């Protein structure tokens, strides 16, 4: 009987131990579940991985990856890490909508891209699908965007026209002739340029849409200079420029009048400057979007991240725009305390625009938000202050030329100056 009692006692003890261990197991399971990482948030990208503009995909993926690195290595977003999912739109409007639908199967929290060639094919898809988009490029048709879910951290092409007008007026050139070829790209400059120039007190005395690659432009030049312009604004292909500039030299129009061209004409020792002739060092200026500088702490922080991800600080174009887009989205989610695009879309301007404490690194900005501070994110691409159309103003360099046709900086048009032109009706 004593043996049976011992056995019975062991059974009871064993059952007690099992119960205790089960309890521990349940507690451990709860603790494990509590500590379990939250699911990642998808940053979608619509870029052209194939087709004639496939190089743009490298720009898009490089910038997006660095933005994701910056966020993930500084705590993520509300406990979530970011992951990327990309689709190929081939820079073709026909392919853009199927690419968008494919991307939506991954339930992205934010989309970066597409670039200008295909944004119009999908621009009306973001709001119905409750996803925020940061497109890349300066397409002028988005200058008065009213889509709540569409934003961009890259300056509009029309801002280049504003910079050209502002530079001319600031140097006392108040009568202008416009010599732009009739291509869609060149003519896209004309309406905003005329509007800005007039708003600043200038007068357009001649405007011609040139037929490209004609054998002579003497008649257009004679008509233009009959009105004695103090500045000529121009944009054209290289062959047209060679003929036009040669004609203008023969007619004596290259010595007393300043010519201001678009970014195509800015290249040092480029064909435009060479065609312009000996007065290029005194009479030719070109507008070029200003690249960020290493005097900017936020840009330096971006360069450090870029090197960590890509092992180089030789950055690809637009990458700081995609980077800022990812960071701004993450900050808006943090401020909204929500990863729901329908909610955090309302906080984009709250984290990117003044007033607020200026910050240029994700961790710094998050710390301020967590202390209840209003922030003003000034990122790698500039101040990222959105206007009512979800556009930003980046600065422009006005580049001249030395006698050897190297570039020299003749001026800088700041974002504040561009905004002031718009405020005046430009």
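Considering the convex hull of the alpha carbon atoms of segment 135-183, report its projected area averaged over all viewing directions, in nm², one decimal. Write out the running numbers ahead of the final one.
Numbers: hull surface 19.5 nm².
Over every viewing direction, the Cα hull of segment 135-183 projects on average to 4.9 nm².
Of the two radii for segment 364-426, the radius of gyration is 1.17 times the Kirkwood radius, both from the alpha carbons; that is the Rg over Rh value.
Rank these for me by crowding, 111, 169, going from fewest to most other beta carbons within 10 Å.
Values: 111 30, 169 19.
The order, fewest Cβ neighbours first, is 169, 111.
Sorting the segments 323-332, 145-154 by their residues' average number of neighbouring beta-carbon atoms within 10 angstrom, most packed first, yields 323-332, 145-154.
Rounded to the nearest 0.05, what FRET efficiency do residue 409 and residue 148 have when you use their Cβ-Cβ distance and R0 = 41 Å?
Working: r = 39 Å, r/R0 = 0.95.
About 0.60, to the nearest 0.05.
Ordering 90-101, 42-53 by mean Cβ neighbour count within 10 Å, with the highest value first, yields 42-53, 90-101. Taking the longest Cα principal axis of the chain as reference, the axis of helix 238-251 is set at about 30 degrees. Note on segment 132-247: semi-axes of the ellipsoid equivalent to its C-alpha gyration tensor, largest first and rounded to whole Å, are 29, 18, 10. Using the rule -39500 (n - 2.57) for each DSSP H run of four or more residues, divided by the residues of the chain, the 222 nm mean residue ellipticity is -13500 deg cm²/dmol.
Average projected area of the Cα convex hull of the chain, in nm²?
Averaging across all directions leaves 27.5 nm² for the Cα convex hull.
For segment 186-279, the convex hull spanned by the alpha carbon atoms encloses 97 Å³ per residue.
At a 10 angstrom cut-off on C-beta neighbours, averaged per residue, how do the peptides 270-277, 137-144, 419-426 rank from highest to lowest? Could you put the intermediate results ahead of the total?
Numbers: 270-277: 20.2, 137-144: 17.5, 419-426: 16.0.
Per-residue Cβ counts within 10 Å, averaged per peptide and sorted highest first, yield 270-277, 137-144, 419-426.
Compute the normalised compactness of segment 38-178: alpha-carbon radius of gyration over 2.2 N^0.38 Å, N being the residue count. Ratio of Rg to 2.2 N^0.38 Å for segment 38-178: 1.23. Under the criterion of Cα pairs below 8 Å and six or more residues apart, the relative contact order for the chain equals 17 percent.
Extending 7 Å from the Cα toward the beta-carbon at both residue 120 and residue 263 defines two label points whose distance is 2.0 nm. Taking the fewest neighbouring Cβ atoms within 10 Å as the starting point, the ordered list for 200, 222, 162, 244 is 222, 200, 244, 162.
Give me the compactness ratio for segment 308-379, meaning the Cα radius of gyration over 2.2 N^0.38 Å.
On the way: Rg = 13.0 Å, N = 72, 2.2 N^0.38 = 11.2 Å.
Compared with the compact-globule rule of thumb, segment 308-379 sits at 1.16.
Computed from label points 7 Å out along Cα-Cβ, the spacing between residue 227 and residue 183 is 2.4 nm.
Between the Cα long axis of helix 297-310 and the first principal axis of the chain there is an angle of about 70°, rounded to the nearest 10.
Every number here is computed from the coordinates shown, using simple stated rules; none is lab data. Fair warning: this is a prediction, and the values are worked out from it, not measured in the lab. Please note: Cβ atoms are built from the backbone with ideal geometry, for glycine as well, and neighbour counts cover all protein chains shown.
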